[in-house]
Amino acid sequence: RPRQDLTGLKVVVSAGPTREYLDPVRFVSNPSSGKMGFAVAQAAAERGAEVTLVSGPVNLATPRGVQRVNIESALELRDAVVQSAQAADLVVMTAAVADYRAAEVKTEKEAKGGDTKTIELVKNPDILAELGTDKGRRVLVGFAMETHAGVERAADKARRKNADFILLNYPTQEGTAFGGDDNQVTLVQADGTHEAWPRLSKREVAERLLDRARALLAARPEL
Ligand code: C5P
């Protein structure tokens, strides 16, 4: 790879989990570590891109030269990503966005009650799909974790969300995905064509992702 080959490009990366609060001290979330997104942000910055990293709560240092925006909920993530995506050439959604949030966030801590409790949830907006409806010449990349029928489901997601490609991974593989330093992904395009990459460090997955995105951008006419 030529050094600084992303100079002049604006890249937005989302990373980590979201927290959907039920009351001031409780939330629904997931174990996303943010490592994949931080690796993309760091690699892009080192290759010369101007990088905005929109991150949920994670335990990771901000890579050098990266502008970081901290968010908690999916609605906050959406605001931050949609705003920074306006001027972006590439948006990479690695964030593990909660599919649902509480229908009502209690303003005071909920007291213990009976033996069972029902929480009503409402659907969160799909941020990647929203970006896909007004895409311009931006390249949009998503991630998907599937336990079965991965390629088919990921291709369907790429189509539905108008993403250029989706990197599919499996939650069950040892040492990869949630929390691990490696990842084993399959690149899936909307037309169903796919390519399995070997197990690699998240940094190397990030570099290859950026290589592909850069090639797509280079082939795309200016608007
Ligand atoms: O959750 P799902 O498998 O549909 O996620 C696929 C991609 O869509 C991921 O890149 C994720 O960040 C993104 N997504 C999103 N907004 C959501 C749910 C997922 O942008 N509400």
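The values are calculated or read from the model by the stated rules, or taken from the named source; none is laboratory data. Note that this is a predicted model, so its numbers are computed, not measured. Note: ideal-geometry Cβ built from the backbone for every residue, glycine included; neighbour counts use all protein chains shown.
Say whether the condition of being among the small types (Gly, Ala, Ser) and away from the ligand (no atom under 11 Å from the Cβ) is met by at least one residue in the stretch 122-135.
Of all residues in the stretch 122-135, those among the small types (Gly, Ala, Ser) come to 129, 132.
Applying the additional criterion that residues be away from the ligand (no atom under 11 Å from the Cβ) yields none.
No; the residues of the stretch 122-135 include none that is among the small types (Gly, Ala, Ser) and away from the ligand (no atom under 11 Å from the Cβ).
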Taking the conditions exactly as written (within 12 Å of the ligand (Cβ to nearest atom) and at pLDDT below 95), does residue 180 satisfy them or not? no
Please go through the stretch 71-104 and give me each residue that is over 17 Å from residue 57 (Cβ atoms), of a type in the set (D, E, K, R) and away from the ligand (no atom under 12 Å from the Cβ), ordered by number. 89, 104
Complete set of residues in the stretch 174-223 that are among the charged types (D, E, K, R), more than 21 Å from residue 163 (Cβ to Cβ) and within 17 Å of the chain's Cα centre (by Cα): 181, 182, 203, 204
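Does residue 188 fit the bill of being within 13 Å of the ligand (Cβ to nearest atom), touching a strand residue (DSSP E or B) at 6+ places or on another chain (Cβ under 9 Å) and β-branched (Val, Ile, Thr)? Working first, answer last.
Details: within 13 Å of the ligand (Cβ to nearest atom): yes; touching a strand residue (DSSP E or B) at 6+ places or on another chain (Cβ under 9 Å): yes; β-branched (Val, Ile, Thr): yes.
Against the criterion (within 13 Å of the ligand (Cβ to nearest atom), touching a strand residue (DSSP E or B) at 6+ places or on another chain (Cβ under 9 Å) and β-branched (Val, Ile, Thr)), residue 188 qualifies.
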Name the pairs whose Cβ atoms lie under 7 Å apart, with the first residue in the stretch 57-85 and touching a residue at least 60 places away in the same chain (Cβ under 8 Å), the second of a type in the set (S, T, N, Q), and 6 or more positions between them or separate chains? 77/14; 77/18; 81/14; 84/52
Pairing a residue in the stretch 114-135 that is over 30 Å from residue 158 (Cβ atoms) with any residue that is modelled with pLDDT of 95 or more and part of a loop (DSSP other than H, G, I, E, B), where Cβ atoms lie under 8 Å and the two sit 6 or more apart in sequence or on different chains, gives 120/103; 120/104
Looking only at residues in the stretch 78-111 that are more than 21 Å from residue 45 (Cα to Cα) and aliphatic (A, V, I, L, M), which one is farthest from the chain's Cα centre (by Cα)? 111
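Residues being of a type outside the set (A, V, I, L, M, F, W, C) and out of contact with any strand residue (DSSP E or B) (no Cβ under 7 Å at 6 or more places or on another chain): count how many of those fall in the stretch 199-211. First the steps, then the outcome.
Looking only at the stretch 199-211, we keep the residues that are of a type outside the set (A, V, I, L, M, F, W, C), and these are 199, 201-204, 207-208, 211.
Adding the requirement that they be out of contact with any strand residue (DSSP E or B) (no Cβ under 7 Å at 6 or more places or on another chain) leaves 203-204, 207-208, 211.
Qualifying residue count for the region: 5.
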The one condition in (1) in a helix (DSSP H, G or I); (2) buried (at least 22 other Cβ atoms within 10 Å of the Cβ) that residue 208 fails to fulfil: (2)
